[in-house]
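K.L.:
Can you keep this structure in mind? I'll have questions shortly.
Values quoted throughout were computed directly from the atomic coordinates according to the rules given, and no laboratory measurement underlies them. Since the structure is predicted, the reported quantities are computational estimates derived from the model, not experimental observations. All Cβ positions, glycine included, derive from the backbone under ideal geometry; neighbour counts span all protein chains shown.
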There are 2 protein chains.
Amino acid sequence: MTQTMASTKSLESLIEERYSCRGFLPDGIDRTEIEKMIELAERAPSWKNAQSYKIVALTGEKKEALCRDLIERARSGAEPAAEIPYETGYPSSIRRRMMDLAVAFFAQLGIDRKDKEAREKQTLRNFNGFGAPVMLFAFIPAGLREWTILDLGVFFGHLTLVVRSHGYESILQAALAAWPDIVRKHTGVGAEYTLVVGMSIGKADPSEPANHFKSQRAPASEILQIL
Amino acid sequence: MTQTMASTKSLESLIEERYSCRGFLPDGIDRTEIEKMIELAERAPSWKNAQSYKIVALTGEKKEALCRDLIERARSGAEPAAEIPYETGYPSSIRRRMMDLAVAFFAQLGIDRKDKEAREKQTLRNFNGFGAPVMLFAFIPAGLREWTILDLGVFFGHLTLVVRSHGYESILQAALAAWPDIVRKHTGVGAEYTLVVGMSIGKADPSEPANHFKSQRAPASEILQIL
């Protein structure tokens, strides 16, 4: 276990240098440091201060056992059964961004887009959290939905940066919510909560080619209009 | 118009000193600075890099005209008609947090919880963005929902901190989404987008008592479980 000092990097650097980490070193993170990072991210604003999120962190053998089940399920070709159904129906302008990302990402990894087997192998790595020592699962109370998910997003918007300021990297993974029955079995969380999303956290492996991939962003003119 | 230099404050300070600002000075924010802040927040991760948000910023007389309509509607006693319906059904543990916030907040303002008129007067200030010079409205493509709202939350989790690093404060306001017809009339955004939430941004008014209110957080043990 390592304990990393919070860095004094500027917010701008923390944001600009962030990437979705897809290869972690096995070095664990101290329990108290996990708590400290979550506590800081919890300062994020939420609807009437509801803070309606439940975060379960798995490490060590417990994380490995869960990942084994996820990988087995993924290998079986099972369809995702996320409690927050994966979205379709993206307008073409948005699909274009998703396609641009996929093309650039697989190019960075030297994977031919037509090489289905290589692509699937890369996708499978999601279910091992790309080797991260810590995996978080985020739940919200059953019966709540969009506004609570917005709050959860704000919390994760903080957490991704807090993690970086501690010298770690992360990746927010919809894939980890694909089979809630497995997550429930390994976390013990019951039907009073809805599983939303997962996140893997740890020290980045600099030898991982995917960690040198930096995704582009749409120009502000496509997102922002000032009246 | 002022242009503020990005500060070198640590992420920890930016998060810990943040509060929901409920009183702004009239000083405007330069267009290029609004763009710069949004561009940085846009570096937030999103589902397959979809960045499915549309942000419309209103300033000056356009903002004032919109606020006049919102205030008139609120005064008429109209029920909120948000496109993302306000949530109910919070479990009692969460309702307790919301109640604790309300009690502490009105105490800070010296408003008797039984003084309905004073509470309503305070609530009405939402629709003027508490005097902020810049008001943002966040939309997502129609047909998309929770995962896109999660992404939007992550974006706002970044933006609240970016705003602070530029010397401004903000408040994320569900109230600004209460009457989408008014927002659509003043922004010209059509039915191909769903209105989610609004945010007011500007320089904090230090003489505003609400700006000296700091909301509490649940202990990490209520949010986080490490297995």
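K.L.:
Quick check on my filter: what residues within the range B:73-107 are among the β-branched types (Val, Ile, Thr), surrounded by fewer than 19 Cβ atoms within 10 Å (Cβ to Cβ) and within 30 Å of B:Gly143 (Cβ to Cβ)?
P.N.:
Matches in the range B:73-107: B:Thr88 only.
K.L.:
Could you please let me know if A:Leu70 is buried (at least 20 other Cβ atoms within 10 Å of the Cβ) and more than 11 Å from every other protein chain (Cβ to nearest Cβ)?
P.N.:
yes
K.L.:
From the set of residues in the range A:74-113 that are touching a residue at least 12 places away in the same chain (Cβ under 8 Å) and among the basic types (Lys, Arg), which is nearest to A:Arg184 (Cα to Cα)?
P.N.:
Among those residues, the one meeting the criterion is A:Arg75.
K.L.:
Right, here's the next one. Do the conditions hold for A:Asp181, that is, is it at the interface with chain B (Cβ under 10 Å from one of its Cβ atoms), in a helix (DSSP H, G or I) and among the acidic types (Asp, Glu)?
P.N.:
Judged against the criteria, A:Asp181 is not a match.
K.L.:
Just need a number here: residues in the range B:74-97 that are assigned to a helix (DSSP H, G or I) and farther than 14 Å from B:Gly198 by Cβ.
P.N.:
So the answer is 7.
K.L.:
Being in a helix (DSSP H, G or I) and either more than 7 Å from chain A (Cβ to nearest Cβ) or surrounded by fewer than 20 Cβ atoms within 10 Å (Cβ to Cβ) (or both) is the filter here, so list the residues in the range B:32-47 that pass it.
P.N.:
The answer is B:Thr32, B:Glu33, B:Glu35, B:Lys36, B:Met37, B:Glu39, B:Ala41.
K.L.:
Could you list, in sequence order, the residues of the range A:202-216 that are buried (at least 17 other Cβ atoms within 10 Å of the Cβ) and either part of a strand (DSSP E or B) or free of Cβ contacts under 8 Å to residues at least 12 places away in the same chain (or both)?
P.N.:
Across the range A:202-216, the qualifying residues are A:Gly202, A:Ala204.
K.L.:
Would you pick out the residues in the range B:118-170 that are more than 12 Å from every other protein chain (Cβ to nearest Cβ), of a type in the set (S, T, N, Q) and in contact with a strand residue (DSSP E or B) (Cβ under 8 Å, 6 or more places away or on another chain)?
P.N.:
B:Asn126
K.L.:
Surrounded by fewer than 24 Cβ atoms within 10 Å (Cβ to Cβ) and on the phi < 0 side of the Ramachandran plot: is that true of A:Thr160 in this structure?
P.N.:
Against the criterion (surrounded by fewer than 24 Cβ atoms within 10 Å (Cβ to Cβ) and on the phi < 0 side of the Ramachandran plot), A:Thr160 does not qualify.
K.L.:
While we're on this one: Suppose we filter the range A:109-123 for residues that are loosely packed, with under 14 Cβ neighbours inside 10 Å and assigned to a helix (DSSP H, G or I); how many remain?
P.N.:
Residues meeting the conditions: 5.
K.L.:
Within the range B:205-226, restricting attention to residues that are out of contact with any helix residue (DSSP H, G or I) (no Cβ under 6 Å at 6 or more places or on another chain) and polar (S, T, N, Q), which residue is nearest to B:Glu169 (Cα to Cα)?
P.N.:
Residue satisfying both the conditions and the ranking: B:Asn211.
K.L.:
Now, a different point. Looking at (1) more than 29 Å from B:Ser207 (Cβ to Cβ); (2) at the interface with chain A (Cβ under 8 Å from one of its Cβ atoms); (3) not in a helix (DSSP H, G or I), which is the one condition that is false for B:Ala57?
P.N.:
The one condition B:Ala57 does not meet is (1).
K.L.:
Would the range A:191-198 turn up any residue that is among the hydrophobic types (A, V, I, L, M, F, W, C) and assigned to a helix (DSSP H, G or I)?
P.N.:
No: zero hits.
K.L.:
Given (1) surrounded by fewer than 20 Cβ atoms within 10 Å (Cβ to Cβ); (2) in contact (Cβ under 8 Å) with a residue 60 or more places away in the chain, identify the lone condition not met by A:Phe155.
P.N.:
So the condition that A:Phe155 fails would be (1).
K.L.:
Kindly provide the set of residues from the range A:124-143 that are more than 12 Å from A:Val189 (Cβ to Cβ) and surrounded by fewer than 22 Cβ atoms within 10 Å (Cβ to Cβ), ordered by number.
P.N.:
A:Leu124, A:Arg125, A:Asn126, A:Asn128, A:Gly131, A:Gly143
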